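Written out below as structure tokens is the structure these notes cover.
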Amino acid sequence: MEIHETAVPDAYRIVPRHHTDARGSFFESYAYGQLARQTGHVFVPLQVNYSVSARNTLRGVHGVRLPPGQAKFVTCVRGALLDVVVDLRLGSPTFGAYDTNMLDADQGTAVYVAEGLGHGFVALTDDTCISYLCSTQYVPGTQIDLHPLDPALGLPWHLGLTDEPLISEKDARAPSLAEAANQGLLATYDTCRIHYERQLRSADAAEPTAHVLAKASRTRR
């Protein structure tokens, strides 16, 4: 598989290589060692979530407070969606920057979203199903919700919408970017970087080579 940087540092697009024959196809979606080597991020899934959405459903912008934080590995397993990642780390050189990706079940492209970043999507088809591999389990009271239509974010949901968006009451009541910052909900860029480094130091010794290469990748950046 190929791993590409995006416009948001610490978010990556993962493009699998498909192997096809008369029976169908096979591809590798996630590889711990390769992600660590190429990105410097150690990602061990502890929870897997799915959501199913009707066309024009808008979910987001969501994140998890740090601590505990939560990295995500996002794929579309049925239908298609417009995926959006936004940098919410206070003090980040790219604070407020976003990146979009079209994800569908046929291609199997995925997006890695590091802790401190915000995530959301628009369903492009009925019965769209998205899969989240998560680095932490759900902890009540730690989720961050931002209003997806906040003008300060300026996210291009129109690229995926053909009608008025279907938004949950929770997301419709969510604070703006400025309100979330004032309420102390957003992590700082420095705190996130310390968290990433701490993960490397405490990573499972079962993959020592991946950890060494991940540290080298961070040093180069």
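Brief remarks follow.
- On the basis of the beta-carbon distance and an R0 of 45 Å, A178 and A22 show a calculated FRET efficiency of 0.20.
- Packing, as the average of other Cβ atoms within 10 Å across residues, places the peptides 162-169, 130-137, 7-14 in the order 7-14, 130-137, 162-169, highest first.
- Förster-model FRET efficiency, 22 Å R0, S168 and F95, C-beta, rounded to 0.05: 0.30
- Candidate residues D21, D87: accessible-area rank, largest first, probe 1.4 Å: D21, D87
- Taking the accessible area of the chain, probe 1.4 Å, and keeping the other protein chains in place, the carbon and sulfur fraction comes to 52%.
- Net charge over other residues, Cβ less than 11 angstrom from the Cβ of G120 (K, R count +1; D, E count -1): -2
- Accessible solvent surface per residue of the chain, calculated while the other protein chains remain in place, 1.4 angstrom probe, Å²: 48 Å²
- Long-range amide H partners of S176 with built H, under 5 Å: H147
- Additional length obtainable on full extension of the chain from D190 to E2, 0.36 nm per residue less Cα span: 64.8 nm
- Mean separation of Cα contacts under 8 Å (6+ apart) over length of the chain, as relative contact order %: 28 percent
- Close amide-amide hydrogen proximity is noted between L90 and A187, T188, Y189, each under 5 Å apart and 5 or more residues distant or on a separate chain (H modeled in the peptide plane; Pro and chain starts excluded).
- Contour excess over end-to-end distance, with Cα ends at V52 and D126 and 0.36 nm allotted per residue: 25.8 nm
- Within the chain, DSSP assigns beta bridges of which about 95% are antiparallel (rounded to the nearest 5).
- Calculated [θ] (222 nm, deg cm²/dmol) that DSSP helices of n ≥ 4 give over the chain, each run adding -39,500 (n - 2.57): -5500 deg cm²/dmol
- With all protein chains modelled, accessible area of V52 [1.4 Å, Å²]: 80 Å²
- For the pair the range 133-184 / the range 35-67, the C-alpha centres are spaced 14 Å from each other.
The values are calculated or read from the model by the stated rules, or taken from the named source; none is laboratory data. Everything quoted here is computed from the prediction, not taken from an experiment. FYI the Cβ positions are ideal-geometry reconstructions off the backbone, even for glycines, and counts take in every protein chain you see. Side chains are part of the model used for accessible areas, which takes the heavy atoms of the whole protein and leaves out ligands, DNA and RNA. Shrake-Rupley method; radii C 1.70, N 1.55, O 1.52, S 1.80 Å.
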